[in-house]
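Below is one structure, written out as structure tokens; the observations come after it.
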């Protein structure tokens, strides 16, 4: 009996928890056309261990509080079981955390391919199921880039579709905000919180902040559409917003600072209305850029995005001094962003459709006839 | 960790030798219990208790005991249309050694080895995937046991288990009761 007992314990000592199920995971993942999602075996090469969602691309946290240095605590320890050499998540949040990391790994490579990986620090700090209890509508079905911690938070999802952290277009959209923060907002001394909260700003700065916010949103949509190849990347997650944010939707001229000033002084107009308008202007910017790429052929979309990412750094240089002195028009930023963009009759026609101040067509090296 | 196992095995052996003379008869029994595990949440800074019912078939000889335990648990989580349902069947073989004291409540040490069989069904709208997997576990623990009316036993024990695919030790409290003959 004693010998049997010792044998049992010896066998037990040989088994340990060290087995790792490798670097292939069963994840909810987009198909090649980026429109449908199914369960696929996805490789993640850069995780330090499958039992901690942390690596050079990102650190993913669950229900964590955010501080000035990012999310508090330790990264997600996913629940996994090995099945035929594949790590299978045992709950949706383990699967979501791993899918988010896999997307960040690919976004890091994508940023590298467009020469933008060096614009922001890595690994990125990402949160899922982040609780935001400020009583606003931001607490559910939303995602936020939070400049204070240089982090991206996905709040709980209560709709019937694809959770936002699994939607690679929305992940890319939020990721772009980090680029904009580091390359444009910080040099302009306009961190995202200052844009969100207009109190304490002069009116000129507050209205210009809305213009910058519109550009931030519009470029983020264009970045996400370029990354996914899908101009309706919100579909499946936020279906009620698909139409208003569809990059193939109708075009209109961009608002001038004078129009924005008039809007802001209409009776009954609040900050949220102005923010909604800046989002709408952002969509027009994204549609313009999407159509410009369409003119050139989508094969060149990555080259064009690389050009825009490089031109971003010129925004604070060329508009920094004007930002605190006078109202900046939405279209005034176009020549800065489109510097060195190869223009032809088709692209010039598109620009004429959105630019109010026709002299801009010949500025910044754009070279279109007004 | 393996060194600890070997040391405990030696202690068990010495104790068994010391009490070899005081023999008792064979015993067979059945028990029901509740296993409350303190398992890590996704955020490893936090743990949460999770209870699961279990039954056991027992065999004893002298101061030694052997218990075959079985439990089944189901879990389901969802976010939007993404849903994961997990079913776990757990089989464990636990050996125990009881110290012979004059008090009614007698302490015992236990060590076990087992297997968890998992079925994971993942769904998203019309997409689905069903996978099965298995993981081993082994553990050590100790507790106290009392027997009333010669056959009815009540016991409580604390265990620590190392489970494959789980990076940390899972502590648990097992309360069980049953009959031995």
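Here, each number is a calculation from the coordinates, and none is a lab measurement. Note that the structure is a prediction, hence the values are computed from the model and not measured. A quick note on method: Cβ atoms are made from the backbone with ideal geometry, for glycine too, and the neighbour counts reach across all protein chains shown.
Structural remarks
- Of all the options B:141, B:80, B:33, the one that moves most in a Gaussian network model of chain B with Cα springs shorter than 10 angstrom is B:80.
- Comparing mean-square fluctuations of A:269, A:337, A:128 from a GNM of chain A with C-alpha springs under 10 Å, the top value falls on A:269.
- Note on residue A:299 and residue B:177: the model spin-label points, each 7 Å out from Cα along the C-beta direction, lie 7.9 nm apart.
- Exposure proxy order (Cβ contacts within 10 Å, fewest to most) of B:121, A:221: B:121, A:221
- C-alpha long axis of helix B:2-18 to longest principal axis of chain B, angle in °: 30
- Residue with peak Gaussian network fluctuation, chain A [Cα springs, cutoff 10 Å], from A:294, A:174, A:217: A:294
- Cα long-axis angle, helix A:345-354 against chain A (0 to 90 degrees, to the nearest 10): 80
- Every Cα-Cα pair in the range A:294-348 was counted, and those over 13 Å apart are 65% of them.
- Residue order, fewest to most surrounding Cβ atoms within 10 angstrom, among A:152, B:119: B:119, A:152
- Rounded, prolate or oblate (a/c below 1.5 giving rounded, otherwise prolate when a/b exceeds b/c) for the range A:207-350 by Cα gyration tensor: oblate
- Sorted by Cβ neighbour density within 10 Å, fewest at the top, the residues A:170, B:169: B:169, A:170
- The angle between the Cα long axis of helix A:92-113 and the longest principal axis of the Cα atoms of chain A comes to about 50 degrees, rounded to the nearest 10.
- Taking a ≥ b ≥ c as the square roots of the eigenvalues of the Cα gyration tensor, chain B is prolate, since a/c reaches 1.5 or more and a/b is larger than b/c.
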